Structure formats: structure tokens, C-alpha cells
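The values are calculated or read from the model by the stated rules, or taken from the named source; none is laboratory data. In this text, all values refer to a predicted model and were calculated from it rather than measured experimentally. Don't worry about glycine lacking a Cβ; one is built from the backbone with ideal geometry, like all the others, and counts go over all protein chains shown. What goes into the accessible areas is simple: the full protein's heavy atoms, side chains included, and nothing from ligands, DNA or RNA. Shrake-Rupley method; radii C 1.70, N 1.55, O 1.52, S 1.80 Å.
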Amino acid sequence: MAQAIADAVESGDHLLVQAGTGTGKSLAYLAPALVVDGPVVISTATLALQAQLVDKDLPRIGKAVAPLLGREPTFALLKGRHHYVCMAKLEHSDEADPQDSLFDAGGGGGTKWLGEAGRLGKQITRIRDWAMETDTGDRDELDPGVDDTAWRMVSTPARECVGAARCAYGPDCFAELSRARAREADIVVTNHSLLSVDMMAGRHIVPEHKLLIIDEAHELADRVSSAAQAELTPDAVDRTARAARTFLEGEEYQALVEGADALTVGLAETPAGRITGPLPQAIVEACTLLDGATRRALSRIGEIKADDPDPVRKQQAKALLDEVSKTSQRLLEDNDHDVAWIEQEPRRALVVAPLSVAGLLSENLYDERTVVATSATLTLGGRFDTVARSLGLPVSDKPNQADGWTSLDVGSPFDYPKQGILYVAAHLPRPAASGLPDAAGAELLALVQALGGRTLGLFSSKKAATQAAELLRAKTDLTVLLQGDETLPLLVRKFREDRNSCLLGVMSLWQGVDVPGDACQLVVIDRLPFPRPDEPLAAARSAAVDATGGSGFASVSVPIAAIRLAQGVGRLIRTSSDKGVVAVLDSRLETARGYGAFLRASLPPFWYTTKQEVVLNSLRRLSQT
């Protein structure tokens, strides 16, 4: 893998590398990165991998290569501006109306509201004391931490920043200092969200570089979709109106309030879910009112000048107005490139997102740098083509390769056929209703009892996970840990420490859990993780393929399920000494023509069986070790 990356840097071709768990892929890409002329940027999807790179891998390899390079290479962690305390915002935090900060958190009236305001005040005081001592201003270094509501009062998103040149605290800005450190570093570690924003902002946030390494690359397209997504909520419009009120005439402020009221009515009259035709009239009226009101307000505020008495608040008001204005106009355009929907939870919202980000990635990701994309799950059905298309790379008739990019599967250090069994309960009925069917529950109980715990249960819904927990608690004496009962890190720690326990949960457990050793020897998946019919983006993308004569199910739903399933199955074997069983309680993985075989080909090559007694005997033997 290291040699392939070095070759890609020399040739200028982009590279897709599948490298299984335990391969050591971070060291494989760090080694060639250290000899590249100029900074190298590494982007990750998770905080856990960022921490591993910065706290473990980079210091380790840096010390190892220092005698060869004649110096120890430098590295920096680059985060979005909102991760750092803003001294200008902190200066005015005492003057802020607590309601402005509590509004998004559901702040109400009475004693509860006053209690929240008092708690926020204490947190702001602690942040102020910490800000006088910290060298970085990074929220992650504030211990103990504060809640999101308090942090919003002392941090500034990039769109609300007036810029260092116009800010009284510009020379000492923590966010600017972090960027300065990044410009001087040999290796810059960032995240997919900031990388996405950088692409859409003309690539001026991340330092110029010749090599971009995208780890956890299977997540990139979804993170870009999230970054390109926008929404309108009545609360956000009200907050915008309050932020701008000082700079507006009464009629201009009232127009914003009326726009928020119209949006409230439109959201109440429109059913939750994807908007498949033209926007409903009530939504059109709300967006039209908001478009006009925000344009007039922006015109009234005008440009920010050097001698403005309060440039920070003025910029914040402009940024909020501009966001509402652009989102309203985007919705009113009603083009074929966007998908709009109404969200019900956690709050009522009108959302718009791109139908596809492949074009955006094709235009903005690859120019003037070599891109290496790596993950444990980049091939689907044994081919890179599906992932390559989602990342905006051209795909030819020749499998796994086209002009401008190459691919490599470095395999795995694990002996999957000897270390693990993939068991499909092919005798179970095809899953239908939501929740955990009785037959699947009986199968789960038999598997867990055979092993005596050590089970990670990955479920398609909260309802199914809860039913499974109730069943196991009623029928066994095992410790049953259910996601949502406590914080996830605490649940994982308890699961790791107690061999007689089961950890059950939903989608966030499918990727985020790393429990090597004999604490996790059975992974149970209740059903194939196809996107739900009410997932707006997946449904819209599927419909778009159907409209061109293709199969949306095969082109959209099956690849999504393949990646999710591979990630879930990957929880079992984490080291070369791990052993265990992956049990899938969905008979379609065996019986479905076409996609069943495709999904199995996207998984590690475990020993495969559909015979229950064979698996139960294997689990009983494992329970004795």
C-alpha cells in the first residue's frame, strides 16, 4: 500500500485502496506522506481516528523517521472555526439575551427557564476563566466540558466571522492561530466535514498541498451531502430576526417575523417526508416572504465598515440573513438537482439537499493534487466501481480502473475462514413488520444462550433493539446493555469488561465499536440494512434511476446495504487472534436471487453456513474458552 501511494504521487493518478481492519493502513499512508514535498492533508470521518493519528501514529512514526529525515516531522490538527472559543463573542456573552441561546434548545418560561439561564451563566464563567489560560482555545481541551448551548454563545461559525483584519481580537484569534500552525506543518489532519466546506468555499481553508489522503473514504459522499444541505425552521428565522433587529427598521423586522409565522403554518399543513412534486403552496408562500424580507434586511444593513461600532454582531446578523435568503431562493428554484423534504424529528424543518454530490466532487476534489481514498469497505461485490462513481471518478467498461485513477485491494492479515463463521438463518421467514419477529427472537435467544453473552446485537430499529433487550432480560441472567440507557462510551466499556454481557443498539453501533478479544465473539444482525422507504435522499436517488429505465433498488439501495452490512460484520474480527460468529437473522442474504450473492461478496471471506446446529455447537465450544 505504501509503495502504491508513492507511485500514485509520482504519476499523478488518484488511488483507491481497500485495506482491511488490522492492516496498519494509517502507517502505510503516513510513511510515503513524510517524503512528499510540501504539506500532506489527511481527512478522517471520525474523532476516534483523528485522535489515533494525532496521539499515537504520528508521534510514533515521527520519532522512527527522525534519524533518516534529519528532523522530526511536524503535524497539526485543523478543525472548523466553531471548535474554537471566539474572544470577540466571549466579550459580549454577558450582554446576550439568554432566550437567544435557549431558543434552539427548547427554552421556555418560568422557573425552568431561569434555572437554565443560571446554569448557562456558570458555564460561560468557566469558559471565560479557561480562555485566559488555554494555548489553543480548542473545545476538546476544556475539561470538564460544557453543553452545546453554552458553547454556541462563545464560538463563531465561519460564516459569522468578520475576519481577523476587522476584529479587535484578530491577532490573538485561536482559529486563525490553528490555521497558521497548519500552514507550517508537514502533515495536517482534518475531517470530512471541513474538507467538504473547503471544497465548496473555493479550497482556501485547508493549506495548499499536493497529496490528500482520505481515510474512512466510504463516508465522504454522505459528509459532502450533509455539508451541502440546508434547512429552514421557524426557530432559526426567529433567531435571525432577533440578531438583526438592532440594524433594521420596524417594518423590516416585522417582515421577518411574518415570514417565520408563514413557515410555521406551511410546515404544519405539509405532511412529513419527501416533497415529490412542486412545493406545496403554503411552503412557496413562506419561502417567498422570507426571500423578500431577508433581501430587504440585507440591503438595510449594507457593508461592514472598519469604523462600525459593533462589526461582530453586524456580521452575525448578515450571515444569518444570508443563509435564510439563499435557502429560500434555493427552494423556490425547485430544480431537478435538489431534493426537498419535511422533517418531523427532532424538530419540524424544511430541508433541501443535492440529489447527488458526484459532480461536485468531480469538479472540486481532484484538481491540482493527488487523492488517495482508503477504507476497509471500498469494494462492493468485489469491485471498486460503485464507490468510484459516488466519489465523482469516471468509470469505464474495464473493472476497477479508468483514466486518471487506479485501485488496489491489499487484503487482510486475518485468516477469516479459520477465525470466523458467517451464519445466515435461512429457515426464518422473510422479515416483514417492524420490530423483532417472534421467530427471530427465538433464534437470537438460542445463539446468545449457546455462548453465554459476549454478544453485540446490531438492529435496524430502536423498537427491535428494545424488544431484543426485553427478551434477553426475561429469559437469561446475562447483563443486557441497551443503547440509550447510558452514554455509548460507558456502555462499550461495560461490555468490554463483562464477558457475561450483551450490548444491543442501532446504526451508530454498526461502525463505532471496537472490542477486540473474547469480550465480543458473536455479532447478531437482525435484518439487511437497506435504507428505509422514508429516507428522503435514498428514495429520491432511487426514483431518479428508475426514471431513466434502471433499477433504483439495485443502484442505490443495495450498495447502501452492502456498505452498512460490511461495517457491521467488521465489528467481529479486530485482531489476528479473535474468533467468533456473525449471525444474520435475515434469510434474504441466502435466498434472494442476485443481491444476496452480491452482498455476501462484499463481506470478508468467513466460513459460510446456514445450519443452525453447526453454529450453536461452535458457540458452545467458544463458551468454554
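Could you please give the count of residues in the range 71-90 that are open to solvent by 70 Å² or more (accessible area, probe 1.4 Å) and either in a strand (DSSP E or B) or without any contact (Cβ under 8 Å) to a residue 40 or more places away in the chain (or both)?
Here the count works out to 3.
Of the residues that sit in the range 270-293 and are of a type in the set (V, I, T) and in a helix (DSSP H, G or I), which one is nearest to the chain's Cα centre (by Cα)?
My answer is I283.
If you take the residues in the range 273-307 that are in contact (Cβ under 8 Å) with a residue 60 or more places away in the chain and touching a Lys or Arg at 6+ places or on another chain (Cβ under 8 Å), which one is least open to solvent (accessible area, probe 1.4 Å)?
I304
Here is a list of conditions, (1) under 17 Å from L69 (Cα atoms); (2) out of contact with any strand residue (DSSP E or B) (no Cβ under 9 Å at 6 or more places or on another chain), and T21 meets all of them except one; can you say which number that is?
For T21, the exception is condition (1).
Just one of (1) of a type outside the set (G, A, S); (2) over 30 Å from S26 (Cβ atoms); (3) open to solvent by less than 10 Å² (accessible area, probe 1.4 Å) trips up L365, so point out which.
(2)
Consider R389 against the criteria (1) of a type outside the set (G, A, S); (2) out of contact with any His (no Cβ under 8 Å at 6 or more places or on another chain); (3) assigned to a helix (DSSP H, G or I); (4) touching a residue at least 60 places away in the same chain (Cβ under 8 Å): it satisfies all of them except one. Which criterion is unmet?
Of the numbered conditions (1) of a type outside the set (G, A, S); (2) out of contact with any His (no Cβ under 8 Å at 6 or more places or on another chain); (3) assigned to a helix (DSSP H, G or I); (4) touching a residue at least 60 places away in the same chain (Cβ under 8 Å), the odd one out for R389 is (4).
State yes or no: is E219 modelled with pLDDT under 95 and of a type in the set (D, E, K, R)?
yes
Quick one: V224 ticks every box in (1) outside any helix (DSSP H, G or I); (2) of a type outside the set (D, E); (3) within 21 Å of A45 (Cα to Cα) except a single one, so which number is it?
Every condition holds for V224 apart from (1).
Find the strands (runs of 3 or more DSSP E) located wholly in the range 468-537 whose residues include 2 or more that are modelled with pLDDT of 95 or more and open to solvent by 10 Å² or more (accessible area, probe 1.4 Å), and list them.
Of the strands (runs of 3 or more DSSP E) lying wholly inside the range 468-537, those with at least 2 residues that are modelled with pLDDT of 95 or more and open to solvent by 10 Å² or more (accessible area, probe 1.4 Å) span 479-482.
Any chance the range 553-572 includes a residue that's among the polar types (S, T, N, Q), more than 17 Å from G453 (Cα to Cα), buried (at least 20 other Cβ atoms within 10 Å of the Cβ) and free of Cβ contacts under 8 Å to residues at least 40 places away in the same chain?
Looking through the range 553-572, at least one residue is among the polar types (S, T, N, Q), more than 17 Å from G453 (Cα to Cα), buried (at least 20 other Cβ atoms within 10 Å of the Cβ) and free of Cβ contacts under 8 Å to residues at least 40 places away in the same chain.
For the range 153-163, give me each residue that is open to solvent by less than 40 Å² (accessible area, probe 1.4 Å) and not in a loop (DSSP other than H, G, I, E, B).
The answer is S155, E160.
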